[in-house]
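Chemist: One structure is given below, represented as structure tokens, and several questions about it will come after.
The values are calculated or read from the model by the stated rules, or taken from the named source; none is laboratory data. No experiment lies behind these values; they were computed from the predicted model shown. We place every Cβ from the backbone using ideal geometry, glycine too, and count neighbours over all the protein chains shown.
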Amino acid sequence: MEFAHHAPEGYQCPFCDLARDDFSNPKNLCRPGDVIYSDDLVLAFIASHGFEPNPGHVLITPRAHVELLYELPDDVAARIMTLTRDIAIAIKRAWSPDGVSTRQHNEPAGSQHVWHYHQHVLPRWHDDGFYFTPKRPIVDPAIRARKADELRAFLPAA
């Protein structure tokens, strides 16, 4: 299945530039000193935008340009998850937060704003106000079972 891409015409990907050590685009806020980890598949770096009151979180991206989670090759997806764990542990040890959150966005309706897959790894503190959404009501088990059946129909055979 093909998925729609949302990068505008002529898009110069800041994460691809970072992976190539190309800092010629003045709109790219990434800097060489942001990089924490790099290998042949992935790159981890400090995000240029922070979340107050405790700025400083990590983005993990594939080195190759992949816009959406739906398109990640298995080896890259596995490496991103392993590195996400390792970065979360490093955040706990280095900054002593009360917890760590991860999040990832796809497409405009999913709040994606850079058209290159990236996983956020964020330090969290009690009452940091990061999420302001109230808890949702419990979903009826029959609805949950129906939703599970709907998704199972589209999963690859194990």
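Chemist: List pairs: first in region 28-42 and farther than 16 Å from residue 114 by Cβ and free of Cβ contacts under 8 Å to residues at least 24 places away in the same chain, second of a type outside the set (Asp, Glu) and assigned to a loop (DSSP other than H, G, I, E, B), Cβ under 9 Å, 6+ apart or cross-chain?
Modeler: Taking only residues 6 or more apart or on different chains, the pairs are 32/23; 40/63.
Chemist: Quick check on region 86-130: of everything there that is touching a strand residue (DSSP E or B) at 6+ places or on another chain (Cβ under 7 Å) and part of a helix (DSSP H, G or I), which residue is farthest from residue 39 (Cα to Cα)?
Modeler: The qualifying residue farthest from residue 39 (Cα to Cα) is 95.
To keep it simple, each residue is scored yes or no on (1) loosely packed, with under 15 Cβ neighbours inside 10 Å; (2) closer than 30 Å to residue 4 by Cα.
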{"site": "41", "(1), (2)": "no, yes"}
{"site": "75", "(1), (2)": "yes, yes"}
{"site": "98", "(1), (2)": "yes, no"}
{"site": "106", "(1), (2)": "no, yes"}
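Chemist: Whether any residue in region 4-26 is in contact with a Ser or Thr (Cβ under 7 Å, 6 or more places away or on another chain), at pLDDT below 90 and surrounded by fewer than 19 Cβ atoms within 10 Å (Cβ to Cβ) is what I want to check.
Modeler: No.
Chemist: Which of the strands (runs of 3 or more DSSP E) contained wholly in region 31-79 include at least 3 residues that are over 28 Å from residue 127 (Cα atoms)?
Modeler: Here the list reads 35-38.
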